[in-house]
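Trainee: Pasting in a structure now, in structure tokens, and then I'll have a few things to ask.
Derivation of every value follows stated rules applied to the coordinates shown; laboratory data play no part. Note that this is a predicted model, so its numbers are computed, not measured. Glycine gets a Cβ as well: all are built from the backbone with ideal geometry, and neighbour counts include every protein chain shown.
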Amino acid sequence: MSTPAFFFPRSVAEAVDVMDSYDGAAKLVAGGTALTLMVQQRLVSPQALVSLRDVPGLGEVLVDEDSGLLRIGALVTHAAAARHPLVRRHAPLLADSLAVVGNAQVRSAATVGGVLAEADYASDPPATLRALDAEVAAHGLAGERTIGVGELLLGFYQTALAPAEVVTEVRVPVLPAGTGSAYLKYTSRSHEDRPCVGVAAIVGLADDGSCADLRVAVGAACDAPLRLGDVEQQIRGRRLDGATLSEFADAYADRIDPVSDVRGSAWYRREMVRVWVRRAIEQALLRSGAHEHSKERAQ
Amino acid sequence: MLHCRLVRSTAAHAEITAVRTGDAAAWPGAVAVVTGADLAARGDMAVLFGPVLLDQPVLAIDVVRYIGEPVAAVLAEDPAVADEAAALVEVDYAHLPAVFDAEEAFGSDTARLFPEPPERDPSFVDVTLRADHERNVCNTFTVVKGDVEAGFAAADLVFDDVFDSPAAGAVPLETHAVVADARGDRLTVWSSTQTPYITRRQLALLLGLPLNRVRVIVPALGGGFGAKAYASVEPIAAALSRVVGAPVRLHLTREEEFVTSTKHAMRVRIRTGVMRDGRIVAREATAYYNAGAYAVISPRKVMFGAYGLNGPYAIPHVRTEAHAVLTNTPPAGAYRGFAINQCAWAYEGQLDMIAERLGIDPVEIRRINLLRDGDTFCTGETLDHLRFHDLLDAAAERIGWDPDEPVHRDGDLVRAKGISCVIEGTITPSTSTATVRLGPDGSVDVLTSSVEMGQGIRPALAAGVARHLGIDPALVGVSYVDTDLTPYDQQTTASRSMYSMGGAMGRAADDALHKIRELAADLLEVDPADLEIVDGQVRVAGVEQQSLSLGEVVRRSQVGNVIGEGTLVTSGGLDPFTGQGVGSVHWHQSVGAAEIEVDTATGHVRVLRYTGGVFAGEVVDPVGAEHQCEGCLVFGVGNALMEELVFDQGQLVTGTLADYMVPTLEDMPRHHEFELMEDPEHGEVHGLGEPALPPIAPAISNALYRATGVRIRSLPISAEKVLRGLRERRESEQAAGQVDEVTSVGAQG
Ligand SMILES: Cc1cc2nc3c(=O)[nH]c(=O)nc-3n(C[C@H](O)[C@H](O)[C@H](O)COP(=O)(O)OP(=O)(O)OC[C@H]3O[C@@H](n4cnc5c(N)ncnc54)[C@H](O)[C@@H]3O)c2cc1C
């Protein structure tokens, strides 16, 4: 219960070593927005705090042409990522979901690595990263590995990370041209509340207007972002008309195991999943190339 | 100076069986660990306090009555050390039956907060108590006018409804803060209180000191909104300072702030009898105030709700009753609107349901019933200077009210307008005194004990005194509060300062001018009656060239300064069994009109436009007045749509600003406008701190009702409640096959 020791390692390997030496009693600090509150409210009492501030190379954003991956350093803040031209071009819905987090103060401190490692169910970016099939690179005692966001986020504040494992990068497959995407955050109380429900939707249409690709992840409504691969599969090849969208949204609403909290009961959450899955897909459709074409043709 | 960290109860209602302080006391840097029993054992101070009833322990003794109640205090020079040591104090509890709902606590057989009746503070003379500790009641107030049974018998239709308001936080930017220094034979306290003189009295009683040896200094506050009225943290710091013989500082965390003083949760059962033509002929209403674990100011507050439930309407037969009921939740205190919000939430909501049933437009039913000059209020007072009809008509026009306007639909979004009207009193009787001091250079000091808490009382008083003396406001300095130096004022609450302190200050300025006139008469060798004072110049009437400035008079007469004193005392009061007498020196009159949009797929409500109208009498500081109304709007939208202290078995669930929501700018209507109606002939200044607030939530709710037919009966109007209401409505419509008549459907929660 005394003041924790503070470390500023200069490499990822050093950070891993310090973490390891505390055998689970140390905590990494990125933006500190979540950690500070947890310490203040005595939800965690780490013996050591290990800041990633001085570790070089964690603040970059680039696109790897070979792999087609957008690579965002773990220490890039929400604000910096949200306005970064590469993020806006290749994963616009990620920019959108980072831009609606909390308020400007939080966004300019919170990091993309931190939000995933924190695994708070009531966050915005994780659902988007899940829909995008993003992965994280993590460095631990056994070296580097990559973990899909779906495998990383295990449940309420639970991740697949080992105690001495550092997320170094978030890797996002670049969206093909013409793909429509949207992230819709629904707050049930104040505008700056955490989401009651957040939905990320990605739609690609075939030339005949049928659905070639549909990926939807629901965040903040249950323990970890929910994606239903089988439901997504079933919809491929079909036209995304009103009835189909309702069917799709109902499937998410029926299968989710929603939380109850001050932002809404489980009943309400389920209903909101129904509404916002549909709205997110509609929004994504509006932004898809197919829609742009049909608008042009109509003119 | 030592910093204090409090150890707070984790039990809602329990006997304290052990407090183990050894580890905390042994923690390096901890100076002292003090419990309620330690204070009691000293015998050199009282250990209970409260503005009306001496029921609240400085630190809990034997029993805790709510989760969050201070049980022990840890003192250290380093606040972080105090924090660490506080975490080491262990308290054992033997749980007692607890009760959280006011109506349940009212006469509960199982849970009783006080086995013995608490003593009352001898100096709180204006409250006649009808306390009944056996029923958990700390006061009851009844208002009777006419013969309510006869009224209901004559009514064509009777409406019977229940409305709830939850506890809420005032959420001042700055939390409660105090430094107390009890060394020697004096006590000096720097406090964030809105009630310096009452706090002084409470502290003098606690420490057994004469009033003049207790000095309360109040710097500018970062907001109060009622939460900082009456002593709360001050007795703790004062008692601890006496124990350790050093100055003690206590500054609450945000989490502590939430459990220190709340808005009263309130249930109102309201029955209203009407004629088919829309006239209200009878009203019977009972309010259950959830006072929390200690009485604080609830014993006085019941009066406001009892007459407040009459609403701004001429009702011949009325019987209202308000009970302040103790429960095992944090103490409720003063809160902007002082119970009128909760009353208006009930009667204005019900009135729109009545209008709907009778097929009368909501604006029209108000026109029919609103009080007019010469009408008798439920207190027996004959009212005058009433401008309700003007305010209503103007607000209806500003919002573009059209009785036949259809509801606007755009996909899931539905838009409509709502209106409401409210009457509110100001604290009566009340007393303010002020001193105005003219200096030889023409500058003027106003010595006042009105508390500046961001409401702008200092610039407003400066403007007032400058106008009175005919001088530049830049020459006027207004003091902060220091009870050793600034004269008595009852309190900075109830929107009273501009009227009461402003009035006292005007008299003080007149008194100073009277003395100036005498001095100038000597200097100019004329009769005082021949002098006139215009624009800060004293001159012989008709002889322009023979004139002296105020400063010159002071200087040349070598009096050092000229001091004027003024007091404004209002008298009145109501009989607690009948509610008859004088309720308020004047009545705050307020209307509100809102246009809202509801997303019928989610139930989420947005306020698009809001306009309010308030009778201001005379506006002293136009910018400040506007700001007060805008502040009310932020407060009102928060109360209406999101603010709620949610408790689970007495444990606050929304106890941080991540869980308790206050509105942000994005939640505010894009357009708002306030009318401050003046009446120069009336010649009175009405306070503007609160009146714009109470109509806001009912106006929003009434707009939702017009948009969807969903009547929300418990604040806040959460999206979930609205969605449930919409679903129930749809189901009952389907069950009925069709709707021939719009009926109200209760939303749950
Ligand atoms: C007022 C407020 C409002 C908010 N509103 C929202 C909202 O609307 N939507 C939303 O999504 N979120 C919201 N948040 C949450 C915020 O986004 C998270 O706090 C933030 O993303 C965490 O990032 P950070 O960099 O500050 O993490 P930190 O607080 O530094 O760390 C969080 C956790 O992750 C661990 N960690 C951090 N970085 C790494 C890493 N690279 N590798 C391994 N472990 C790591 C830490 O040890 C810690 O356990 C809000 C927060 C606040 C304070």
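Trainee: Per residue, how big is the convex hull around the C-alpha atoms of chain B? Give it to me in cubic angstrom, could you?
Mentor: Taking only Cα atoms, chain B has a hull volume of 168 Å³ per residue.
Trainee: Moving on to the next point. Compute the whole-percent fraction of alpha carbon pairs in the stretch A:61-173 spaced more than 17 Å apart.
Mentor: Here the tail beyond 17 Å accounts for 49 percent of pairs.
Trainee: Could you tell me the ratio Rg/Rh of the stretch B:47-102? Both radii from Cα atoms, Rh via Kirkwood.
Mentor: When Rh is taken as the Kirkwood radius, the ratio is 1.04.
Trainee: Additional query: What are the semi-axes of the equivalent ellipsoid of the stretch B:430-570, taken as the square roots of 5 times the eigenvalues of the Cα gyration tensor, listed largest first and rounded to whole Å?
Mentor: 29, 13, 13
Trainee: Got a sec? Charge dipole of the stretch B:468-543, +1 on Cβ for Lys and Arg, -1 for Asp and Glu; which of B:LEU519, B:VAL538, B:MET501 is way out at the positive end?
Mentor: Value: B:MET501.
Trainee: Please report, in whole Å³, the volume per residue of the convex hull around the C-alpha atoms of the protein assembly as shown.
Mentor: So the per-residue Cα hull volume is 212 Å³.
Trainee: Ratio of the stretch B:276-424's C-alpha Rg to 2.2 N^0.38 Å, to two decimals?
Mentor: 1.19
Trainee: Another question, then. Taking the Cα centre as origin and putting +1 on Lys and Arg beta-carbons and -1 on Asp and Glu beta-carbons, what dipole magnitude results for the stretch B:274-337, to the nearest 20 debye?
Mentor: 120
Trainee: Which value in deg cm²/dmol, rounded to the nearest 500, describes the helix-derived mean residue ellipticity at 222 nm for the protein assembly as shown, given -39,500 (n - 2.57) per DSSP H run of n ≥ 4 and division by the residue count?
Mentor: Calculated at 222 nm, the ellipticity per residue is -9000 deg cm²/dmol.
Trainee: Right, here's the next one. Can you grab the distance from the C-alpha centre of the stretch A:45-103 to the C-alpha centre of the stretch B:296-325, Å, no decimals?
Mentor: Cα centroid to Cα centroid, the span is 58 Å.
Trainee: Distance between the C-alpha centers of the stretch B:96-160 and the stretch B:1-77? Whole Å please.
Mentor: With the stretch B:96-160 and the stretch B:1-77 each reduced to a Cα centre, they are spaced 30 Å.
Trainee: From zero outward in steps of 5 Å, how is the percent of C-alpha pairs of chain A spread across the bins?
Mentor: 1, 6, 12, 16, 18, 16, 13, 9, 5, 3, 1, 1, 0, 0
Trainee: With a/c under 1.5 counting as rounded, go ahead and sort the stretch B:203-344 into rounded, prolate or oblate using the C-alpha gyration tensor (a ≥ b ≥ c being the square roots of the eigenvalues; past the cut-off, prolate if a/b is larger than b/c, else oblate).
Mentor: Verdict is prolate for the stretch B:203-344.
Trainee: Then there's this: If you wrap the stretch B:175-244's Cα atoms in a convex hull and average its projection over all directions, what's the area in nm²?
Mentor: Result: 4.1 nm².
Trainee: While we're looking at this one, here's another question. Just A:LEU153, A:LEU37, A:LEU49 to compare: in a GNM of chain A, with alpha carbon springs under 10 Å, which one fluctuates most?
Mentor: Looking only at A:LEU153, A:LEU37, A:LEU49, the largest GNM fluctuation is found for A:LEU37.
Trainee: Note down the Stokes-Einstein diffusion coefficient of the stretch B:489-567 in µm²/s, whole number, using a Kirkwood radius over alpha carbon pairs, 25 °C, and 0.890 mPa s.
Mentor: 180
Trainee: Per the Kirkwood definition applied to all pairs of different Cα atoms, how many angstroms is the hydrodynamic radius of the stretch A:180-298?
Mentor: One decimal place: 14.5 Å for the Kirkwood radius.
Trainee: Quick one: Karplus J couplings for the stretch A:19-32, per residue in order, coefficients 6.51, -1.76, 1.60, θ = phi - 60°, nearest Hz, x for Gly and Pro?
Mentor: Coupling constants for the stretch A:19-32: 4, 5, 5, 8, 6, x, 9, 9, 10, 6, 10, 10, x, x Hz.
Trainee: Output the Cα-based Rg and Dmax of the stretch B:351-459 in Å, rounding Rg to one decimal and Dmax to a whole number.
Mentor: 22.5, 71
Trainee: Residue by residue through the stretch B:166-178, which ³J(HN,Hα) values in whole Hz follow from phi under the Karplus form 6.51 cos²θ - 1.76 cosθ + 1.60 (θ = phi - 60°), with glycine and proline marked x?
Mentor: x, 5, 9, x, 6, 6, x, 4, 9, 7, 3, 9, 8
Trainee: With the Cα gyration tensor of the stretch B:124-239 in hand, give its eigenvalues times 5 under a square root as the equivalent ellipsoid semi-axes, listed largest first in whole angstrom.
Mentor: Listed largest to smallest, the semi-axes of the stretch B:124-239 are 42, 19, 12 Å.
Trainee: Something else: For chain B, give the magnitude of the charge dipole about the Cα centre (Cβ charges: +1 Lys/Arg, -1 Asp/Glu; no others), in debye to the nearest 20.
Mentor: Charge dipole, chain B, about its Cα centre: 1040 debye, nearest 20.
Trainee: Taking the Cα atoms of the stretch B:2-133, report the difference between the largest and smallest coordinate on each principal axis, in whole Å and largest first.
Mentor: 50, 33, 23
Trainee: Have a look at A:LEU70, A:VAL199, A:THR159 and report the one farthest towards the positive end of the charge dipole of chain A, computed about the Cα centre with Cβ charges (Lys/Arg +1, Asp/Glu -1).
Mentor: Going by the charge dipole, the pick is A:VAL199.
Trainee: Report D for the stretch A:5-51 in µm² per second (integer): Stokes-Einstein, Kirkwood Rh on Cα pairs, 4 °C, 1.567 mPa s.
Mentor: 120
Trainee: If you take the charge dipole of the stretch A:180-298 about its Cα centre, with +1 on Lys and Arg Cβ and -1 on Asp and Glu Cβ, which of A:LEU245, A:SER265, A:GLY219 is farthest toward its positive end?
Mentor: Comparing the listed Cα positions along the dipole, A:SER265 ranks first.
Trainee: Here is a follow-up. What whole-number distance in Å separates the alpha-carbon centres of the stretch B:349-378 and the stretch B:476-508?
Mentor: 38
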